[in-house]
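Only one structure is covered here, and it is reproduced in the block below.
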Amino acid sequence: MILVTGGAGFIGSNFVLDWLAGAGEPVVNLDKLTYAGNLGSLASLARDARHVFVRGDIGDAELVAALLREHRPRAIVNFAAESHVDRSIHGPAAFIETNVVATFNLLDATRAWWSALPEAERAAFRFLHVSTDEVYGSLAPDAAGFCETTPYAPNSPYSASKAASDHLVRAYRHTYGLPTLTTNCSNNYGPRQFPEKLIPLMIVNALAGRPLPVYGDGRNVRDWLYVGDHCAALRAVLAGGRPGETYNIGGNAEMTNLDVVRELTTVLADERPGRDYAALVTFVADRPGHDRRYAIDATKIRGELGWTPAETFASGLIRTVRWYLANGEWLASVATKEYQKWIDLQYAAA
Ligand code: NAD
Ligand code: TYD
């Protein structure tokens, strides 16, 4: 079996669902259920004995050690993190606690357990750390995409905390020989993403007739990847990635935020006609320290592991919009008081 952390979040829940749909072996899912964790995303697994959900913190070394002893996973896939840049600007402490300190506790508990395993199990074990392209910082408009040797230059408390976790993973490989794999992926979108991130926030606001808040001039560029393609890449890395290596994952879909929002309003007009969604686009104050451009050079994972994305941005966006339109209950369940408080805080001046 495998141990997944953060498997009630956006990418983690998609990973667990895809894994079990593909006849993967059982999953122990360790998640703290912060505001971003949602068991509703895993509702279809309620009666699936292959999914064991444990509510807990990756920073709880005793809990992690007990889970490892009990379940003897052949791999850990670590999604658990604080993941939203804007929240890291308002409150960086939680990012240091989870992405740095708790990730260290998870790594160290894993090392202690792994080092006492019989040789064959030790060699076969993998610790896959799921990270972001944001650790590389911001690219000039005409610069080549990030590759695995691009120097780290994180600019936000979020990306700095993820960079720190990547460095710890690297050190545990180099110093103790833990068979680690690290992936650095570009912006994901798709079903089950919490509506604080660009695409689901815009969908939710558009359906309610609220403004679509575009930061600054809207010309910041991101490389968008459909979440199912990210999950396929992670399965490929887990199966065939070389221990100690890092793999960059990207969608070959660089777009400005303004183009993303415009395309979204076009899809919404097709799928849920009746409102002038484009008229809702509103420019608001820029994010402090806003990285201008991210782009991924995915040559390594394509060449070594044969992975390429299956979805284009256009096809993935239609799938995403349809999922949100068909899952009003899920959306209603995340529209909590805490969510409204965040929206009020972040967009107060908008
Ligand atoms: P998310 O915020 O949707 O989910 C994070 C999950 O981790 C939640 O279920 C939360 O409850 C859980 N969690 C948080 N702290 C925890 C702790 N201390 N112990 C146990 N569980 C905890 O995040 P996401 O967008 O699914 O991202 C998952 C991972 O992928 C993160 O590590 C993120 O840095 C990385 N990543 C995300 C993107 C993206 O575009 N979303 C891109 C590249 C990499
Ligand atoms: P986001 O989804 O927060 O991902 P990240 O900051 O990790 O790339 O934001 C994606 C882009 O969209 C980023 O350039 C910031 C911008 N953005 C807006 O313009 N308005 C918004 O309300 C949000 C949430 C993001």
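Quick check for you: which residues of region 241-282 have the amide N under 16 Å from the point 7 Å beyond the Cα of Ser315 toward its beta carbon?
In region 241-282, the label zone of Ser315 (backbone N under 16 Å from the point 7 Å along Cα→Cβ) covers 251-253.
For region 117-171, what is the accessible area per residue in Å² when the probe is 1.4 Å? List each step's numbers first, then the result.
Working: 2320 Å² over 55 residues.
Ligands and nucleic acids excluded, the result is 42 Å² per residue.
So what does the Cα-only Debye profile of region 100-191 read at q = 0.14, 0.20, 0.22, 0.25 Å⁻¹, as log10 I(q)/I(0), no solvent term?
-0.58, -0.97, -1.09, -1.27
So who's got an amide H within less than 5 Å of the one on Phe283, skipping anything under 5 residues away but keeping other chains? H placed 1.01 Å off N, in plane.
Amide H neighbours of Phe283: Val214.
If amide H atoms are built 1.01 Å from N in the plane of the peptide, which residues on other chains or at least 5 residues away come under 5 Å of the amide H of Arg126?
Ala75, Ile76
Ratio of alpha-carbon Rg to the 2.2 N^0.38 Å globular estimate for region 31-88, to two decimals, please.
Values: Rg = 13.2 Å, N = 58, 2.2 N^0.38 = 10.3 Å.
Its radius of gyration relative to the 2.2 N^0.38 Å reference: 1.28.
Out of the total accessible area of the chain (probe 1.4 Å, heavy atoms of protein only), what percent is carbon and sulfur? Kindly include the intermediate steps, with their values, before the conclusion.
Details: 7750 of 14510 Å².
Using a 1.4 Å probe with all protein chains present, the chain comes out at 53 percent carbon and sulfur.
Name the residues of region 249-288 whose amide N is less than 20 Å from a point 7 angstrom out from the Cα of Leu345 along the C-beta direction?
It comes to 285-288, nothing else.
Kindly report, to the nearest 10 Å², the accessible surface of Ile89 as traced by a 1.4 Å probe over protein heavy atoms only.
Approximately 60 Å² of Ile89 is accessible to the 1.4 Å probe.
As a check on your grasp of the helix formula, calculate [θ] at 222 nm for the chain: sum -39500 (n - 2.57) over DSSP H runs of n ≥ 4, divide by the residue count, round to the nearest 500. Before the final figure, lay out the partial values.
On the way: 13 runs with 146 residues, N = 350.
Using -39500 (n - 2.57) per qualifying helix, the result is -12500 deg cm²/dmol.
Can you give me the orientation-averaged projected area of the convex hull built on the Cα atoms of the chain, in nm²?
Projected area, direction-averaged: 16.6 nm².
Starting from the coordinates of the alpha-carbon atoms of region 210-295, obtain the Kirkwood hydrodynamic radius over all distinct pairs and give the value in Å to one decimal.
It works out to 15.3 Å.
List every residue whose amide H lies under 5 Å from the amide H of Cys185, counting only residues 5 or more places away in sequence or on a different chain, with H placed 1.01 Å from N in the peptide plane.
Ser131, Thr132, Asp133, Ile249
State in Å² the accessible area per residue of region 230-350; use a 1.4 Å probe, count heavy atoms of protein chains only, and round to the nearest integer.
On the way: 6120 Å² over 121 residues.
Heavy-atom SASA per residue in region 230-350 reads 51 Å².
Over the chain, what relative contact order in percent results from Cα pairs under 8 Å that are six or more residues apart? Intermediate values should be presented prior to the final figure.
Values: 624 pairs, mean separation 60.2, N = 350.
Dividing the mean separation by the residue count of the chain yields 17 percent.
Order His90, His290, most accessible first, counting only protein heavy atoms with a 1.4 angstrom probe. Present the calculation step by step, with values, prior to reporting the outcome.
Details: His90 95, His290 35 Å².
Listed by decreasing accessible area, they come as His90, His290.
How do 61-67, 19-25 rank on mean C-beta neighbours within 10 Å, highest first? Mind dumping the intermediate values first?
On the way: 61-67: 17.7, 19-25: 13.6.
The packing order, highest mean first, is 61-67, 19-25.
Rounded to whole Hz and in sequence order, give me ³J(HN,Hα) for region 144-155 from the Karplus expression 6.51 cos²θ - 1.76 cosθ + 1.60, θ = phi - 60°, writing x for Gly and Pro.
With coefficients 6.51, -1.76 and 1.60, one gets 5, x, 5, 10, 5, 9, 4, x, 6, 8, x, 10 Hz.
What full-extension length gain, to one decimal in nm, is calculated for His167 and Glu271 as 0.36 nm per residue of separation minus the Cα-Cα distance? Don't skip to the end; give the middle numbers.
Values: separation 104, 0.36 × 104 = 37.44 nm, distance 4.40 nm.
So the chain would gain 33.0 nm between His167 and Glu271.
In whole Hz and in residue order, list the ³J(HN,Hα) couplings for region 24-35 that follow from phi through the Karplus curve 6.51 cos²θ - 1.76 cosθ + 1.60, θ = phi - 60°; x for Gly and Pro.
x, 6, x, 10, 9, 10, 9, 9, 7, 6, 6, 3
On C-alpha positions alone, give me the angle between the axis of helix 61-71 and the longest principal axis of the chain, in degrees, nearest 10.
Helix 61-71 sits roughly 70 degrees off the main axis of the chain.
If you average 1/r over all unlike Cα pairs in region 1-102 and invert the result, what Kirkwood radius do you get in angstrom?
On the way: mean 1/r = 0.0717 Å⁻¹.
14.0 Å is the Kirkwood radius here.
Hey, what's the per residue convex hull volume over the C-alpha atoms of region 229-350, in cubic angstrom? Could the numbers behind the result be given before it?
Numbers: hull volume 21.0 nm³, N = 122.
Dividing the Cα hull volume of region 229-350 by its residue count gives 172 Å³.
What is the ratio of the Cα radius of gyration of region 286-350 to 2.2 N^0.38 Å, where N is its residue count, to two decimals? Can you show the working numbers first?
On the way: Rg = 18.1 Å, N = 65, 2.2 N^0.38 = 10.7 Å.
That ratio works out to 1.68.
Debye sum, Cα scatterers, region 257-303, no solvent: what log₁₀ I/I(0) at q = 0.15 1/Å?
Computed log10 I(q)/I(0) values: -0.64.
The values are calculated or read from the model by the stated rules, or taken from the named source; none is laboratory data. All figures in this text were calculated on a predicted structure; none of them were measured in a lab. Cβ sites come from the backbone with ideal geometry, for glycine too, and all protein chains shown count toward neighbours. All accessible areas refer to the heavy atoms of the entire protein, side chains included, with ligands and DNA or RNA removed. Shrake-Rupley method; radii C 1.70, N 1.55, O 1.52, S 1.80 Å.
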